[in-house]
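In what follows, a single structure is set out as structure tokens and then discussed.
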Amino acid sequence: MSSLRIINANISTPLGNSARRGDEMSELLCIPDGGIVIDDGVITFVGKMDDMPFPDCDANVIDAEGRAVIPGFVDSHTHLVFGGYRPDEFEWRLKGDSYMSIMERGGGIQSTVNATRAESFEALVEKARWFVDRMSEMGVTTVEAKSGYGLDTGTELKMLDVINTLAGEKEGKLRVVPTFLGAHAVPSEYKGRTGDYVDLMISEMIPAAKGKARFFDIFTEKNVFEIEDSRRLLNAARDAGFELKLHADEIVTLGGAELAAEVGAVSADHLLHVSDEGIRRMAEEGVVATLLPLTAFALREPYAPARRFIKAGAAVALATDLNPGSCFSGSIPLTIALACIYMGMSVEETITALTLNGAAAVGLAEETGSIETGKSGDIVILNFDTYRSLPYYVGMNCVRTVISRGRIVTQNK
């Protein structure tokens with residue numbers, strides 16, 4: 001049996017096996033002079049040093065030396081598998097071009113689709129693994145990864161195979177959760193024929209993706225997949241056994257949040273232009289609001305209304321939205337800074353949003369997201385003695401040591 005002991009730790013963690021809602025998000029259990037025991041990847045003790053069980057002589061011991069210890073971060077919304085890059089579009093946006101106008105010019109998602117279709121499986125794996133390594137350096141121990149840059153059956157399955165290759169690596173640094181996002185956009189060959197592409201997804205793509213992804217996601221947006229087409233696809237995916245997610249109300253107020261509540265989605269994401277009714281319905285139905293401040297920052301858009309969600313009693317998660325277009329960043333430190341400085345979230349709420357609530361957004365709150373007995377040994381040791389350093393050290397990496405499933409996977413200098 002492999003055993004890892006963390007001693008002299010200043011532990012702070014949310015608690016529970018489900019998302020924390022509303023005011024609960026600010027509640028952290030804090031254990032100064034604490035210790036943690038992880039046996040075979042599972043936490044078997046959390047508490048005061050004086051109460052730690054007698055050590056196994058073969059145990060690996062990490063002395064935290066009074067540093068802050070928190071759960072591993074969960075990045076619950078990423079597009080980390082893709083071909084090509086789009087720096088030209090970033091410059092267009094700086095000059096004032098809108099996200100939708102770039103799409104209409106043949107850029108945007110379709111540009112990455114073309115590159116991804118042409119990219120080899122091996123090249124996609126190598127590139128995605130590079131992003132995984134960068135994520136681990138910032139304390140991420142679980143990541144959600146979407147397809148969605150294929151928009152045909154073969155390439156979507158290729159992307160899901162890349163994601164599952166990463167998920168299946170025994171020595172992998174992160175737990176990887178696959179999401180099928182074939183409804184990311186209408187491909188150019190179906191321009192003006194959205195209904196035909198919806199038919200293709202229902203008859204061919206959704207059945208083909210079954211077993212390769214846990215979640216089905218869709219970009220519910222004006223002039224992309226509007227409410228009726230979204231409802232039809234979501235119902236078909238649910239009937240096929242997928243759990244559901246939505247990109248909702250990102251660019252206009254369309255009713256995506258209300259639809260997420262209607263179909264029982266696990267999460268609705270983005271939500272920059274969510275309605276009050278959408279917030280109320282999501283809180284009522286327990287849909288996690290996954291907010292993506294890096295994307296709003298990169299697009300120079302208003303930030304999602306985190307405080308309105310929390311006041312309504314909803315569960316808020318935070319994620320990076322790493323992608324090659326609207327948000328080419330997977331920065332956890334900048335996500336934390338933006339959440340605290342511009343979205344009005346407390347550091348305690350932000351930690352909960354990036355750990356336990358992120359885990360809930362990918363259906364893993366019973367397994368990870370908090371430092372509790374019976375959960376996976378996913379732990380981050382910071383370079384400072386308090387978690388309050390996370391937003392204070394603005395946009396900079398505070399992470400010293402990352403432990404994923406009981407293994408030390410990253411040690412920063």
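For the range 225-239, check the following and say yes or no: at least one residue is of a type outside the set (A, V, I, L, M), more than 20 Å from I109 (Cβ to Cβ) and part of a loop (DSSP other than H, G, I, E, B).
no
Could you identify the single residue in V176, V186 that is closer than 30 Å to S136 by Cβ, β-branched (V, I, T) and open to solvent by 10 Å² or more (accessible area, probe 1.4 Å)?
V176 is the lone residue from the list that is closer than 30 Å to S136 by Cβ, β-branched (V, I, T) and open to solvent by 10 Å² or more (accessible area, probe 1.4 Å).
Just one of the numbered conditions (1) touching a Phe, Trp or Tyr at 6+ places or on another chain (Cβ under 9 Å); (2) touching a residue at least 24 places away in the same chain (Cβ under 8 Å) is not true of E204; which one?
(1)
Among (1) among the small types (G, A, S); (2) modelled with pLDDT under 95; (3) assigned to a helix (DSSP H, G or I), where does G325 come up short?
The failed condition is (3).
Filter the range 314-340 for residues that are without any contact (Cβ under 8 Å) to a residue 60 or more places away in the chain and open to solvent by 10 Å² or more (accessible area, probe 1.4 Å); which is nearest to the chain's Cα centre (by Cα)?
S329
Can you say whether T401 is of a type in the set (S, T, N, Q), under 29 Å from F216 (Cα atoms) and open to solvent by less than 40 Å² (accessible area, probe 1.4 Å), as far as the supplied structure shows?
On the way: of a type in the set (S, T, N, Q): yes; under 29 Å from F216 (Cα atoms): no; open to solvent by less than 40 Å² (accessible area, probe 1.4 Å): yes.
When the stated conditions are applied, T401 does not pass them.
Any residue in the range 223-248 that is free of Cβ contacts under 8 Å to residues at least 12 places away in the same chain sitting within a Cβ distance under 7 Å of a residue that is basic (K, R) and open to solvent by 10 Å² or more (accessible area, probe 1.4 Å)? List the pairs, counting only those 6 or more apart or interchain.
Filtered contacts from the range 223-248: no entries.
Taking the range 65-119 as the search range and keeping residues that are aromatic (F, W, Y) and either part of a helix (DSSP H, G or I) or within 29 Å of P391 (Cβ to Cβ) (or both), which one is most open to solvent (accessible area, probe 1.4 Å)?
F90
Among the residues of the range 259-280, what is the count of those that are at negative phi, outside any strand (DSSP E or B) and either touching a residue at least 24 places away in the same chain (Cβ under 8 Å) or open to solvent by less than 10 Å² (accessible area, probe 1.4 Å) (or both)?
The qualifying residues number 15.
The values are calculated or read from the model by the stated rules, or taken from the named source; none is laboratory data. Because the structure is a prediction, the values reported are computed rather than measured. With ideal geometry, Cβ positions are generated from the backbone for all residues, glycine too; neighbour counts draw on all protein chains shown. Areas reflect the complete protein model, heavy atoms only, side chains present, ligands, DNA and RNA absent. Shrake-Rupley method; radii C 1.70, N 1.55, O 1.52, S 1.80 Å.
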